[in-house]
Amino acid sequence: MTRIFSGVKPTGHLTLGNYLGAVRRWAAEDQHRADALFCVVDLHALTVEHDPARVRRLSRQAATLLLAAGLDPQRCTVFVQSHVDEHTRLAYLMECTASDGEMRRMIQYKEKTASERARGGGVRLSLLTYPALMAADILAYGTDEVPVGEDQAQHVELTRDLAVRFNQRYGQTFVIPRTTQPKVAARVMDLQDPTSKMGKSHARTAGIIYLLDEPEAVRKKVMRAVTDGGSDVVHDRAERPGVANLLDVLAACTGGDPEKIAGQYDSYGALKKDTAEAVVELLRPVRERHAELAADPASVDAVLRDGAERARAMARPRVDEAYRAVGLLPPV
Ligand code: TYM
């Protein structure tokens, strides 16, 4: 059976980008057709300046939201990364497989170092080695497919390279994974700056729709979205990024095709109004279910406990095998 692994990092409240690019597909498709694991990758949240209490809160919220979005613990494994030691055990072997040059080439590393420096802070070493931990997340489970948004594709490519290199050096150990991306909305853009990604850890929030935003807040953000010069509605990412983004979001919400949808509108106002309502309706059940689950944290804990146990049992044999393969003496 196909093995799927993916994760979300608790560095901020989950956004519409996370939902359309990743989580919705995990719930609607992936968990039904494969043996799937979905992880709150909390160790990755420590790669930038962080507040411990906030990471704890956001980790719990992310896990609750994954369940609210429809992940069913009877069908898939939902867990928290730091509960399963195999991730960090294997990450070290990945650091010993990767070169520092290939880590420095990662787009996210370049972007994040720039923003950490702009804030006057230092850059944590773990921000550089982050893709080694991400590769470990994926490879520990013999993953075939990694469903992610467009921004993570480069990290999955690197994971493939590391898996191939490891297998060549030390013998067949890892499955070579591949990325899957949604057809539309693989990169949802910030509503106030449609040339940059809608990101949960960005400081300016007016262009970011959070999954737990109240309907009125969603409407306001969409109605105030930056649109482009001109007034005709066309789907042109290069010339009209703001309008193209709204069309992508509307298409993703309604299951349509952005180019065709463009033909149905002759004003930005009408497009915004329909997009706002489509997003409100898409998120309504998730918000409602989240409220129910958040009122019963013990049930979420039980899911995470069971998930970690299952994940550990799946990862352990492969990580042990990798330790043997590189020449480490097995415990006696
Ligand atoms: P993270 O937490 O930034 O994002 C979680 C998922 O949401 C997708 N995504 C988006 N998709 C479309 N438009 C957007 N604006 C948008 N923003 C985020 C991401 O592509 C991702 O699929 N490094 C990962 C977490 C991770 C991981 C893994 C993922 C750690 N280990 C192993 C897969 C497999 C990250 O920071 O995702």
Here's a check for you: in the stretch 127-179, which residue that is of a type in the set (S, T, N, Q) and within 29 Å of LYS200 (Cα to Cα) is nearest to the ligand (Cβ to nearest atom)? GLN152
Would you confirm whether or not the stretch 50-59 contains a residue that is farther than 26 Å from ARG178 by Cβ and β-branched (Val, Ile, Thr)? yes
If you go through the stretch 229-255 one residue at a time, how many are charged (D, E, K, R), within 19 Å of ALA185 (Cα to Cα), more than 25 Å from the chain's Cα centre (by Cα) and surrounded by fewer than 18 Cβ atoms within 10 Å (Cβ to Cβ)? 2
Residue among VAL48, VAL40, VAL55 that alone is touching a helix residue (DSSP H, G or I) at 6+ places or on another chain (Cβ under 7 Å), on the phi < 0 side of the Ramachandran plot, in contact (Cβ under 8 Å) with a residue 12 or more places away in the chain and surrounded by 22 or more Cβ atoms within 10 Å (Cβ to Cβ): VAL40
For the stretch 108-120, check the following and say yes or no: at least one residue is within 13 Å of the ligand (Cβ to nearest atom), more than 24 Å from PRO182 (Cα to Cα) and not hydroxyl-bearing (Ser, Thr, Tyr). yes
For the list (1) among the aliphatic types (A, V, I, L, M); (2) within 29 Å of ALA63 (Cα to Cα); (3) surrounded by 15 or more Cβ atoms within 10 Å (Cβ to Cβ), I need the number of the one condition that ALA313 fails. (3)
Restricting to the stretch 19-37, count the residues that are in contact with a helix residue (DSSP H, G or I) (Cβ under 9 Å, 6 or more places away or on another chain) and closer than 27 Å to ASN245 by Cα. 8
Hits in the stretch 123-177 - residues which are assigned to a helix (DSSP H, G or I), out of contact with any Phe, Trp or Tyr (no Cβ under 7 Å at 6 or more places or on another chain) and among the hydrophobic types (A, V, I, L, M, F, W, C): LEU125, ALA132, LEU133, MET134, ALA135, ALA136, ALA153, VAL156, LEU158, LEU162, VAL164
Within the stretch 193-204, is even one residue assigned to a loop (DSSP other than H, G, I, E, B), touching a strand residue (DSSP E or B) at 6+ places or on another chain (Cβ under 6 Å) and either closer than 20 Å to LEU282 by Cβ or not assigned by TED's automatic domain parsing to the domain that holds GLU281 (or both)? yes
With the requirement that a residue be small (Gly, Ala, Ser) and either under 22 Å from TYR141 (Cβ atoms) or under 10 Å from the mean Cα position of the chain (by Cα) (or both), what does the stretch 1-24 give you? SER6, GLY7, GLY17, GLY21, ALA22
Which residues, taken from the stretch 8-19, are assigned to a helix (DSSP H, G or I), near the ligand (Cβ under 6 Å from one of its atoms) and of a type outside the set (Gly, Ala, Ser)? ASN18
Kindly indicate whether ASP190 is surrounded by fewer than 20 Cβ atoms within 10 Å (Cβ to Cβ), within 11 Å of the ligand (Cβ to nearest atom) and within 30 Å of ILE261 (Cα to Cα). no
All but one of (1) crowded, with 19+ Cβ neighbours inside 10 Å; (2) assigned to a helix (DSSP H, G or I) hold for ALA225, so report the exception by its number. (2)
Would you check which residues across the stretch 114-136 are of a type in the set (S, T, N, Q) and more than 19 Å from LEU158 (Cα to Cα) and list them? SER115
Restricting to the stretch 25-35, and then to whatever is more than 10 Å from the ligand (Cβ to nearest atom) and closer than 27 Å to THR275 by Cα, can you tell me which residue is surrounded by the most Cβ atoms within 10 Å (Cβ to Cβ)? ASP30
Search result, residues across the stretch 24-47 that are farther than 17 Å from SER201 by Cα and in a helix (DSSP H, G or I): ARG24, ARG25, TRP26, ALA27, ALA28, GLU29, ASP30, GLN31, HIS32, ARG33
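The values are calculated or read from the model by the stated rules, or taken from the named source; none is laboratory data. Worth saying up front: this structure is predicted, and the values here are computed from it rather than measured. Note that we place each Cβ from the backbone using ideal geometry, even for glycine, and neighbour counts take in every protein chain shown.
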